[in-house]
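The values are calculated or read from the model by the stated rules, or taken from the named source; none is laboratory data. Only a predicted model underlies this, so the values are computations on that prediction, with no experimental measurement involved. Quick reminder, even Gly has a Cβ in these numbers, built from the backbone with ideal geometry, and neighbours come from all protein chains shown.
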Amino acid sequence: MIGEHVLKWEGGQHAIKLSARAMATIEEAHDLPFGEAMQSIGGEDGFRIKKLVQLLCPLMNAGKGGDEDEAYDLIDNAGVEEVGLALAAAAEKAFPEAKKASAGNGRSRKSAKK
């Protein structure tokens, strides 16, 4: 279940990991199940960088956590889009069954004709 993704950029790299501790920390901080907390990154008011930082901190340093300054530095160095993609990649590695379920069986559904 545990997924780790190494985010690489010119001049550095950082391991993002969905450890049990990191996921529990996110759930507690946001008072939401982990998946819902991760999906809330866009929020009703749109994307907020602070929300990304709050979700990123517990996942940094291979799931051991990091502070906000480290998270802001990581975002500044790697880029917002790359950090978002790294979070998604780590989630896919942690929950591969969710990706398979969302992919379906590959067959399209046709409306039944009467």
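What to note about this one:
- Where helices (runs of 4 or more DSSP H) fall wholly inside the stretch 1-83, the ranges with 3 or more residues that are in contact (Cβ under 8 Å) with a residue 60 or more places away in the chain are 68-78.
- Here A98 fits the description: more than 12 Å from the chain's Cα centre (by Cα), among the small types (G, A, S), modelled with pLDDT under 90 and surrounded by 12 or more Cβ atoms within 10 Å (Cβ to Cβ).
- Hits in the stretch 65-81 (condition: loosely packed, with under 15 Cβ neighbours inside 10 Å and charged (D, E, K, R)): D67, E68, D69, D73, D76, E81
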